[in-house]
Amino acid sequence: MWLVDFPQSLPIESTFAGDCGSSNADLGRATAYRCVAGNEVVDPCFADPSGAVGYLLCIDNMSATKAIHVDPTSRQDDPRPSMDHSLPWIVGLVDGQQCVRSSGGQINGQDLNYDCPDGHVYGAPNRASSRWSVAYEPGNSGLLTPVDLKNAYF
């Protein structure tokens, strides 16, 4: 599964109305938001880039298997810094780990780009074949091994 910008293919888990502002999870994407309603906070939420619908769809869990439909009662379109959108904001490894965008150190000149439950991903996904792969560091071993991706969410 490869999602791009607006996760409309995911089943809706819940619906609420809330105030939405710039995403903390994806600071550079103009269509990404953080929405709040009472004690409920969801981030990232995505606006339809075509502008065809007024609601947002949010991803509420690391497995990215369900979405939350948010009807924004207000929407702040704050200025956002530039960010490299060639990288997905979540990559799913074939072993089931979901890895989220991060930053930090380097190994062999490759930047730390994702934190995973059991390790880290360095560099960008290799898209040279139909099966994408990444350089994965198990734990804090300092060793990078190629691992295939199950999915990626842009």
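The values are calculated or read from the model by the stated rules, or taken from the named source; none is laboratory data. The structure presented is a predicted model; accordingly, all values stated were derived computationally and were not measured. With ideal geometry, Cβ positions are generated from the backbone for all residues, glycine too; neighbour counts draw on all protein chains shown. In case anyone asks, the SASA skips ligands and DNA or RNA and just uses the protein heavy atoms, side chains included. Shrake-Rupley method; radii C 1.70, N 1.55, O 1.52, S 1.80 Å.
Quick notes on this one:
- The candidates Y55, Y136, arranged from most to least accessible area with a 1.4 Å probe in the full protein assembly, appear as Y55, Y136.
- Extent along principal axes [Cα atoms of segment 84-154; Å; largest to smallest]: 27, 26, 20
- With the simple spin-label model, which puts each label point 7 Å out from Cα in the Cβ direction, the T73 to L112 separation comes to 3.9 nm.
- Here the spin labels are modelled as points 7 Å beyond Cα on the Cα-Cβ line, and at S102 and F154 they lie 2.5 nm apart.
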